[in-house]
1. Just for the stretch 361-388: of the residues that are small (Gly, Ala, Ser) and free of Cβ contacts under 8 Å to residues at least 12 places away in the same chain, which one is surrounded by the most Cβ atoms within 10 Å (Cβ to Cβ)?
2. Being part of a helix (DSSP H, G or I), modelled with pLDDT of 85 or more and crowded, with 19+ Cβ neighbours inside 10 Å is true for just one of Thr271, Thr291. Which residue is that?
3. Considering every residue within the stretch 370-381, establish whether at least one is assigned to a helix (DSSP H, G or I) and closer than 26 Å to Gln409 by Cβ.
4. Just to check your reading of the model, which residue among Ser168, Ser206, Ser173 is in contact with a Lys or Arg (Cβ under 9 Å, 6 or more places away or on another chain) and either of a type in the set (Phe, Trp, Tyr) or modelled with pLDDT under 85 (or both)?
5. Identify all residues within the stretch 122-136 that are closer than 9 Å to Leu87 by Cα and not β-branched (Val, Ile, Thr); write none if there are none.
6. For the stretch 44-87, what are the residues that are hydrophobic (A, V, I, L, M, F, W, C), modelled with pLDDT of 90 or more and buried (at least 18 other Cβ atoms within 10 Å of the Cβ)?
7. Of the residues in the stretch 74-126, how many are basic (Lys, Arg) and in contact with a helix residue (DSSP H, G or I) (Cβ under 7 Å, 6 or more places away or on another chain)?
8. List every residue pair whose Cβ atoms sit under 6 Å apart, with the two residues 6 or more apart in sequence or on different chains, where the first one lies in the stretch 103-123 and is without any contact (Cβ under 8 Å) to a residue 60 or more places away in the chain and farther than 11 Å from Ser74 by Cβ and the second, anywhere, is in a loop (DSSP other than H, G, I, E, B) and β-branched (Val, Ile, Thr).
Amino acid sequence: MSFSVTEVVTTRAIFAVPMARRYLLGSCLSWLGNGLVLGLFVIYLHSVRDLSYTEAGFVLSIQAVFSLGFGFLSGHLIDRFGPKPVLLVGIVATSGATIWLGHVGSFLAATTAAVGLAFGGALTWPSGSTILARFVPDSHRQQLFGLNFLFLNLGLGLGTLLGASVVSVAQPSTFQLLYLIDGLSFLIFFVVVLTLKVPVERDHRSEQEKADQPGSYREVFAERRIRRLLLALLLLFTASYGSLEAGFSAFVQGVGHQPVRAIGPIFAFNTFAIVLGQLFVLKRMQGKRRTNLMQVVAMLWGLCWLLVALGPMLSKSLGFACFVAGSVVFAVGETIWSPIVPSIMNAVAPAHLRGRFNALGTMLFGSAALLAPLIAGPVLDSSFAPIWPLLLLVLLGAGAWLIRGVRDQLTNEEDGVSSPEAVKE
C-alpha cells in the first residue's frame with residue numbers, strides 16, 4: 001500500500017493500514033474495561049478498603065517505583081527479543097493483577113497487586129508504542145499515535161459511564177465485579193496481538209558501529225539534549241497525569257464535596273472531549289513545532305488546575321461545572337500532548353535503541369506516578385488541601401521553561417516541521 005504526500009496528513013490513510021487498524025480496535029476494547037475503574041483507585045482503597053489517603057498514595061508510589069525497575073528491563077527485552085512477545089507477557093500480567101486488585105483487603109495485598117500492575121504496565125506501554133512505530137514511517141507517526149489515543153479514550157469514555165452506573169462504596173462487590181471485567185478485557189487484546197504481523201526494523205549501522213555501540217541505556221543518556229527533554233517531560237507528567245491519578249478524584253470528593261458517583265461523569269466529559277476533538281486537533285498540528293505545542297499544553301493544563309482550585313469555592317452544582325470544565329480543558333491539552341511525546345521519542349531514537357527510548361517514556365509516566373502521590377497524599381490529608389492544584393502550576397512552569405531550551409537542540413525533522421515524504425508499506 002502506498003501513501004501519497006497529500007495522504008500523509010489524513011487519518012483515513014493511517015487507519016487503512018490493516019495491522020494498525022486491528023491494533024487500534026483491540027486496544028479500544030481493552031481500554032473500555034479499564035474505563036470501568038478509571039479514577040476510582042484512591043477512592044476504592046480509602047473508602048472501601050479503609051486505607052488512609054497517605055497509605056493509598058504510598059501504594060501508588062510503590063507501583064511507580066517498581067515500574068521504573070521493570071521499565072529498564074522492558075526496554076532491554078524489546079530491543080533484544082522484539083516488541084510482540086514482550087507485549088503479550090505484559091497483557092497477561094496486567095490482567096491477573098487487575099483481577100486480584102478487586103479482592104485486596106489490606107495495605108500489603110494492595111501493594112502486591114500494585115507491583116503486578118507495575119510489571120504489566122512496564123512491559124505493555126513501551127512494547128505497544130514500538131509496535132505502532134514500526135507500522136508506519138516517522139512522518140506518519142504523529143497521526144497514528146493520535147488515533148491510538150482517540151481509540152483509547154473512546155474505550156475509556158464508554159467504560160466510565162458504565163462503571164459510574166453500577167459502582168457503590170457501600171457495596172464492595174461492585175468494585176470486585178468491575179475489576180474482574182477490566183482484567184478479562186485485557187485477554188481480548190491478547191488474542192488480537194497474537195494475530196498481528198509486526199514488521200522487523202533493520203539496523204543499518206556498520207558492523208564496526210554495532211560492535212562499538214551494542215545498545216545500552218548509557219547511549220541514551222549520553223546526549224545532553226535527551227537528558228533535558230526527559231527532565232522536562234517528567235515535570236509535565238507529574239503535574240498532569242500523575243496528579244490526575246493521585247489526587248484529582250480525592251480532591252473532588254474530599255475538598256469539593258462531590259459524591260463518588262460524580263467522578264465517572266467528570267472523567268467521561270474528559271474522554272469524550274478527546275474523542276470529539278482529537279481528529280480536529282491532529283489536522284491543525286501538522287507542520288508545527290512539537291516543542292512549541294508542548295508549551296501550549298503546559299498553559300492549558302495550568303488553566304485546568306485553576307478551574308479545579310475554584311470548584312470548592314462555589315456551590316455544589318457550580319463546583320461540579322468547574323470540575324467538568326477543568327477536565328475538558330485538560331482533554332484539549334491531551335489531544336495535543338498524546339501524539340507529540342511518542343512521536344518525538346521515536347524521532348530521536350535510533351533503530352537499535354527504540355525499545356529503550358519507548359521504555360523511558362513509560363518510566364517517565366511511572367516516575368510521575370511516584371512523585372505526584374508524595375505531593376498529593378500529605379497535602380490532601382492536611383489543612384492545606386485546597387491549595388493542592390496551585391502547587392502543580394509551579395511544576396508546569398518549570399517544565400515549559402525546560403522545553404524552551406530543548407527546542408534549539410532538535411533538528412527540524414525531530415521537532416515535527418519537516419515535509420512529509422512519499423512512502424511505501
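1. Ser382
2. Thr291 is the lone residue from the list that is part of a helix (DSSP H, G or I), modelled with pLDDT of 85 or more and crowded, with 19+ Cβ neighbours inside 10 Å.
3. Yes, the stretch 370-381 contains a residue that is assigned to a helix (DSSP H, G or I) and closer than 26 Å to Gln409 by Cβ.
4. Result: Ser168 is the single residue among Ser168, Ser206, Ser173 that is in contact with a Lys or Arg (Cβ under 9 Å, 6 or more places away or on another chain) and either of a type in the set (Phe, Trp, Tyr) or modelled with pLDDT under 85 (or both).
5. Residues satisfying the conditions are Leu123, Trp125, Pro126, Ser127, Gly128.
6. Phe70, Leu77, Ile78, Val86, Leu87
7. 1
8. As it stands, the answer is Ala113/Val104, since those pairs meet every condition given.
The values are calculated or read from the model by the stated rules, or taken from the named source; none is laboratory data. Note that the structure is predicted; figures quoted are calculated from it, not measured. So basically every Cβ, Gly included, is an ideal-geometry build from the backbone, and we count neighbours across all protein chains shown.
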